[in-house]
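The values are calculated or read from the model by the stated rules, or taken from the named source; none is laboratory data. Because the structure is predicted, anything quoted here is derived from the model rather than measured. Ideal geometry is used to build each Cβ from the backbone, glycine not excepted, and the neighbour counts take in all protein chains shown.
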Amino acid sequence: MELTVYQCGLEKCAPLQMKRSEPGNHYLFYYILSGRGVLRVEEEPGSILDYALSAGSGFLIEPGKENCYRTFPEGIWEYMWMEFGGARAGELIHVSGLTCTRPMYTPVKPEHREELRRILLSLVENWEEHSLKTTGYLYIFMDCLIRNSKYREVSKEGRGREGYVREAVRYIQENYSGQISVEELARKCWLDRSYFGKVFKSVTGQSPQQYIMYYRMERAAERLAAGSEPVSDIGTAVGYPNLLNFSRAFKGVYGVSPREYRQKNHR
């Protein structure tokens with residue numbers, strides 16, 4: 001699924017009841033209906049950011065980052081919350097401009113807070129109904145979040161599939177001598193791993209793994225034909241420190257071993 005609601009609700013809590021959460025795999029969004037407090041974000045050990053919270057405040061907690069946040073409510077808090085994810089969740093949150101170090105929803109106009117509240121309330125009230133309806137509200141919520149976010153222009157909105165692939169290809173070309181994983185490329189593009197793989201193949205005709213291997217072998221072939229650099233050094237330079245693995249990969253692409261290729265193509 002591109003977007004999925006896992007849980008949501010409307011709750012009240014006493015002072016200091018909301019504390020540090022354990023890391024999870026999904027996004028969490030909170031919208032405060034009443035009460036005041038502070039959201040504390042730990043960027044890194046010794047680096048703390050505090051954000052004032054009050055009615056109309058909304059904030060995001062990223063997957064795996066919950067233990068970097070702590071809330072300090074004053075008085076009774078009433079708030080709505082939603083846990084969501086999906087293949088495009090990271091991409092759309094990135095477009096909205098919200099990050100772990102800028103988790104507060106900051107609308108362009110004050111009245112946009114009320115629009116977001118109404119949408120989130122509709123989602124919570126219809127939670128028990130068919131999942132397609134709640135998923136529909138999630139899409140409307142994301143549209144409102146992106147459309148009205150003050151920081152949405154900070155991100156690369158509207159890049160399209162080709163834009164994501166260009167970003168991934170540039171990263172491969174700049175880092176092909178080291179270890180590159182598909183998970184790493186997907187994170188760079190703010191996409192789910194599976195969705196990223198489909199986007200990449202639809203644009204290039206190759207899977208990310210195939211593209212990485214072919215690009216490395218092309219660079220290796222250039223160096224083999226250009227001089228007398230040891231084959232093992234060339235293998236290491238293109239991300240294959242094991243000579244046997246390098247020879248197998250090269251032969252799989254060019255049909256001959258690196259040494260045979262050099263003999264036939266040496267300039």
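Numbers at a glance
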| quantity | calculated |
| --- | --- |
| Single residue of region 218-255 satisfying the filter (β-branched (Val, Ile, Thr) and over 12 Å from residue 177 (Cβ atoms)) that is surrounded by the most Cβ atoms within 10 Å (Cβ to Cβ) | 231 |
| Residue in region 103-126 that is assigned to a loop (DSSP other than H, G, I, E, B), at pLDDT 85 or above and within 18 Å of residue 3 (Cα to Cα) present | yes |
| Any hit, region 105-117, residues being of a type outside the set (A, V, I, L, M, F, W, C), closer than 12 Å to residue 59 by Cβ and assigned by TED's automatic domain parsing to the domain that holds residue 41 | yes |
| Pairs where the first residue, in region 209-237, is in the same structural domain as residue 260 (by TED's automatic domain parsing) and the second is of a type in the set (Lys, Arg) and surrounded by 15 or more Cβ atoms within 10 Å (Cβ to Cβ), C-beta under 6 Å, 6+ apart | 224/262; 229/223; 234/223 |
| Failed criterion for residue 240 (all others in (1) part of a loop (DSSP other than H, G, I, E, B); (2) touching a Leu at 6+ places or on another chain (Cβ under 9 Å) hold) | (2) |
| Residue among 193, 161, 170 that is loosely packed, with under 14 Cβ neighbours inside 10 Å, without any contact (Cβ under 8 Å) to a residue 12 or more places away in the chain and over 13 Å from residue 92 (Cα atoms) | 170 |
